[in-house]
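Quick notes on the structure that follows.
The values are calculated or read from the model by the stated rules, or taken from the named source; none is laboratory data. Values in this document were obtained by computation on a predicted structure and should not be read as measured data. Neighbour counts are summed over all protein chains in view; Cβ atoms, including those assigned to glycine, are modelled from backbone coordinates with ideal geometry.
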Amino acid sequence: MVKDIYDVGQLPPLGELPKYMYAWTIRTDRLGSPNTAFKQEIVEIPKLKEGEMIIANRMAGVNYNGVWAALGKPKNVVEDNGDYDERQDFHICGSETSGIVYAVGAGVTEFSVGDEVCVGGAQYDENCPLIKSGEDPCFSPSYRIWGYEANWGGFAQFSKVKPCQCVKKPKFLDWAEAAACTATGVTVYRMLNRWQGNEIRKGDIVLVWGGYGGIGTSAIPLIRHFGAIPVVVVSSEEKGEKCIELGAVGYINRKIYDHWGDINNMDERQYRHWVAQAGKFKKEIYKIVGEKKDPRIVPMSLS
Ligand SMILES: NC(=O)c1ccc[n+]([C@@H]2O[C@H](COP(=O)([O-])OP(=O)(O)OC[C@H]3O[C@@H](n4cnc5c(N)ncnc54)[C@H](OP(=O)(O)O)[C@@H]3O)[C@@H](O)[C@H]2O)c1
């Protein structure tokens with residue numbers, strides 16, 4: 001018999017949903033430091049609607065949007081989370097997870113109970129006329145980030161998701177890897193594709209800032225996948241060497257330069273210094289790639 005609630009780490013029999021679950025929630029009266037804004041609570045399992053699924057989460061990825069949500073800045077997501085769903089006085093963050101499908105709502109044909117899935121944060125109405133006409137879902141008025149703009153995110157035993165967020169988990173990914181690849185993967189993919197004039201081509205040099213960050217470490221293998229040449233910018237030799245292990249052809253340690261800043265606000269001496277340092281920086285790229293060729297794409301991934 002299915003219990004009302006299961007300990008964290010335990011799973012009910014496949015396809016059987018308990019009444020309650022443990023979740024890390026935020027509430028309006030706790031907004032502020034993420035250390036105190038998040039609290040573990042027991043809440044009811046969300047009600048399933050047509051076109052939705054319930055996932056038993058195995059791992060969840062973290063994202064900056066959890067910090068913003070906890071701070072309540074730039075907006076209070078608890079107050080806003082009624083827009084796409086039944087209004088709740090709490091919000092569950094978490095915009096990427098991996099897990100097992102436990103229930104499917106009417107109309108869901110792509111997945112069945114028991115499927116192992118990677119869940120990304122892009123949630124939208126697949127029947128939106130704009131999307132149906134072939135437009136990028138990001139431009140649909142129904143587009144929202146699950147776990148930030150939409151409730152029932154991944155920081156809970158169970159989540160409510162839509163099929164458009166899910167892909168079947170490849171066997172070679174473990175649960176943690178599967179929970180941490182969608183947001184960065186999609187973000188980087190979009191930085192390299194579908195931007196007129198900046199679509200990645202074979203042989204392109206791609207300069208990746210923050211090479212050993214989340215976006216950067218996803219970018220390096222993806223750039224390689226497209227037959228292009230990743231050169232990374234990092235803040236230490238150690239991070240640079242790690243990027244080389246991931247496939248970067250070389251790295252530039254940004255700490256040896258000090259010419260950053262807005263050139264519009266520089267006096268003549270500062271500007272001359274900027275030009276000299278920028279020239280040195282450019283020569284480092286040429287040295288790494290072995291020819292006088294400039295980067296064609298610079299995906300930005302700065303915090
Ligand atoms: N992760 C995602 O899925 C995702 C999706 C959409 C948007 N974003 C946005 O993309 C940005 C990066 O995300 P992330 O997950 O890659 O974050 P991250 O893991 O914290 O990486 C950020 C990188 O930026 C570099 N950095 C920090 N300060 C810098 C400075 N002053 N100059 C140059 N580089 C600096 C750091 O590398 P060094 O100190 O070694 O240079 C760090 O590795 C964030 O603004 C995030 O909100 C992320």
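Can you tell me how many residues in region 199-239 are over 21 Å from the mean Cα position of the chain (by Cα), more than 10 Å from the ligand (Cβ to nearest atom) and not β-branched (Val, Ile, Thr)?
7
Rundown of residues vs (1) loosely packed, with under 13 Cβ neighbours inside 10 Å; (2) farther than 30 Å from residue 179 by Cβ, yes/no style:
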residue	(1), (2)
199	no, no
210	no, no
222	no, no
251	no, no
257	no, yes
264	yes, yes
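Can you tell which of 86, 41 is surrounded by fewer than 19 Cβ atoms within 10 Å (Cβ to Cβ), free of Cβ contacts under 8 Å to residues at least 40 places away in the same chain, out of contact with any Cys (no Cβ under 8 Å at 6 or more places or on another chain) and at negative phi?
Testing whether each residue is surrounded by fewer than 19 Cβ atoms within 10 Å (Cβ to Cβ), free of Cβ contacts under 8 Å to residues at least 40 places away in the same chain, out of contact with any Cys (no Cβ under 8 Å at 6 or more places or on another chain) and at negative phi leaves just 86.
Return the only residue of 115, 125, 136 being in contact (Cβ under 8 Å) with a residue 40 or more places away in the chain, farther than 20 Å from residue 58 by Cβ and more than 13 Å from the chain's Cα centre (by Cα).
136
From the list 14, 48, pick out the single residue that is crowded, with 17+ Cβ neighbours inside 10 Å, in a loop (DSSP other than H, G, I, E, B) and either in contact (Cβ under 8 Å) with a residue 60 or more places away in the chain or assigned by TED's automatic domain parsing to the domain that holds residue 151 (or both).
The unique qualifying residue is 48.
Six or more apart or on different chains, Cβ under 6 Å: which pairs go from a residue in region 250-277 that's closer than 22 Å to residue 219 by Cβ to one that's assigned to a helix (DSSP H, G or I) and away from the ligand (no atom under 16 Å from the Cβ)? Could you list them?
250/288
For the list (1) within 16 Å of the ligand (Cβ to nearest atom); (2) surrounded by fewer than 18 Cβ atoms within 10 Å (Cβ to Cβ); (3) at pLDDT 95 or above; (4) among the hydrophobic types (A, V, I, L, M, F, W, C), I need the number of the one condition that residue 172 fails.
For residue 172, the exception is condition (1).
Looking at region 175-191, which of the residues that are crowded, with 21+ Cβ neighbours inside 10 Å and in a helix (DSSP H, G or I) is farthest from the ligand (Cβ to nearest atom)?
If we take residues in region 175-191 being crowded, with 21+ Cβ neighbours inside 10 Å and in a helix (DSSP H, G or I), then 178 is farthest from the ligand (Cβ to nearest atom).
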